[in-house]
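Derivation of every value follows stated rules applied to the coordinates shown; laboratory data play no part. Every value quoted in this text rests on a predicted model; they were computed, and no experiment measured them. Neighbour counts run over all protein chains shown; Cβ positions are idealised from the backbone, glycine included.
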Protein chains: 2
Amino acid sequence: MAVSVLRLGHRIFRDQRISTHVFLAARALGAYEGFYTGEKDKNLEKSVKKISEQWGGNFKIKHISSYKKFLKEWKGRTIHLTVYGLPLKKTITGIRKAKKLLVVVGGEKVPPEVYQLADWNVSVTSQPHSEVAALALFLDRYFHGKEFSRKFPKPKMKIIPQERGKLVKKSY
Amino acid sequence: MAVSVLRLGHRIFRDQRISTHVFLAARALGAYEGFYTGEKDKNLEKSVKKISEQWGGNFKIKHISSYKKFLKEWKGRTIHLTVYGLPLKKTITGIRKAKKLLVVVGGEKVPPEVYQLADWNVSVTSQPHSEVAALALFLDRYFHGKEFSRKFPKPKMKIIPQERGKLVKKSY
């Protein structure tokens, strides 16, 4: 069950922090890799890369120029997270059957073709909230909550959970 | 089980979108009200208010000047979401016993006192990701996933879930 995440329409000035949150949540909750369309953003790529280097694993992101070509050529199934879609509860069982899955999360304006090209349009509540929250909840449901204690290979830093305060084990 | 959310250290220029996502996720996933410290931000307050007016319910946010006073005077239990805390899985059963709960989510730098003042310091994975994702996953676990289909009273707009495209019912 390999899950990739595609973030649509990134804008450097406005979206840098939200897109970073999208990809860090994707990584932490079990996604394998990330893609984004919109403005190519070296700082976004750097900050995601830095997190992987420090905290382990191989999660990477890549800029792509055309979502349309990418979705059409994707060798797997595609789900678009949108507040307008069918409830997650009703669709998750079918989605879990996909062996290779691309999860598409929107930016400011999602082109109508995305709704047509996706295998599923799925809502995480029918209330407007956040693509970061929607993605996190989707991944959690998809992986049956098993990602909370995922181990990342070869970390340079590792948190040792504490009742109060901070403890980070560094191995470099 | 009334849950309130406190966002620490809001900065108008840098945090407006993330703080908006924090509060919209809080509202959509069952929190009752929001508070924030840091810079008072009329646009943040307006955009949260507008969402409540359009999509129903009474979720509101309020600026407070001192997190310390607020936490000390809070008549209920407090949980601080932090990557350094104890795993959610180990703590959630105890937390659910609280009848009135304040969930604290950090900004850039969380003052050390917050770790001391909170009843629980809890991590949603031990990987760095996003306060929006952490809050969403916490609320989902706290409410046993029941908030996905929550009804909001007196909405002016309501989404009718669709397989493809958008359908919004307007009642004004």
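Assorted remarks:
- Loop trypsin sites (Lys or Arg not before Pro), the range A:86-122, which have at most 15 other Cβ atoms in a 10 Å radius of their Cβ (DSSP): A:Arg96, A:Lys97, A:Lys99, A:Lys109
- Residue-wise HN-Hα coupling along the range B:145-155, computed from phi with Karplus coefficients 6.51, -1.76, 1.60 (Hz; x: Gly, Pro): x, 7, 7, 4, 10, 4, 9, 9, x, 6, x
- Helix A:131-142 axis, angle to chain A major axis (alpha carbon atoms, nearest 10°): 90 degrees
- Distances in nm from A:Ser149 to the matching label points in the other copies, shortest first (labels 7 Å along Cα to Cβ): 3.1
- log10 of Debye I(q)/I(0), alpha-carbon scatterers only, for the range A:15-93 at 0.12, 0.13, 0.16 Å⁻¹: -0.41, -0.49, -0.72
- Residue-wise HN-Hα couplings along the range A:4-15, as the Karplus relation 6.51 cos²θ - 1.76 cosθ + 1.60 with θ = phi - 60° gives them from phi, are 10, 10, 10, 9, 8, x, 5, 10, 3, 5, 8, 9 Hz; Gly and Pro carry x.
- Sorted from shortest to longest, the distances between the A:Lys89 label points of this copy and the other copies are 2.5 nm, with each point 7 Å from Cα along the line through the beta carbon.
- Quarter the surface of the alpha carbon convex hull of chain B and you get the mean projected area, 10.7 square nanometres.
- Seen against the Cα atoms of chain B and their longest principal axis, helix B:42-55 is set at about 50 degrees.
- Taking other C-beta atoms within 10 Å as the exposure proxy, A:Ser123, A:Ser130, B:Ser19 rank A:Ser123, B:Ser19, A:Ser130 from fewest upward.
- For B:Gly34, the residues whose modelled amide H falls within less than 5 Å of its own, excluding neighbours fewer than 5 places apart on the same chain, are B:Val5, B:Lys60, B:Ile61, B:Lys62.
- Across identical copies of the chain, A:Pro112 has label-point separations of 5.9 nm, listed in ascending order, with the point defined 7 angstrom from Cα along Cα→Cβ.
- Radius of gyration (Cα atoms) of the range B:88-131, expressed as a multiple of 2.2 N^0.38 Å: 1.23.
- Dipole size of the range B:49-161 about its Cα centre, with +1 on Lys/Arg Cβ and -1 on Asp/Glu Cβ: approximately 640 debye, rounded to the nearest 20.
- Gain in span if fully extended, A:Ile64 to A:Lys46, counting 0.36 nm per residue against the direct Cα distance: 4.9 nm
- The rotation axis taking chain B to chain A passes closest to the C-beta of one chain B residue; that residue and the distance in whole Å read B:Val132, 2.
- Stokes-Einstein diffusion coefficient of the protein assembly as shown, Kirkwood radius over Cα pairs, 25 °C, 0.890 mPa s, in µm²/s: 121 µm²/s
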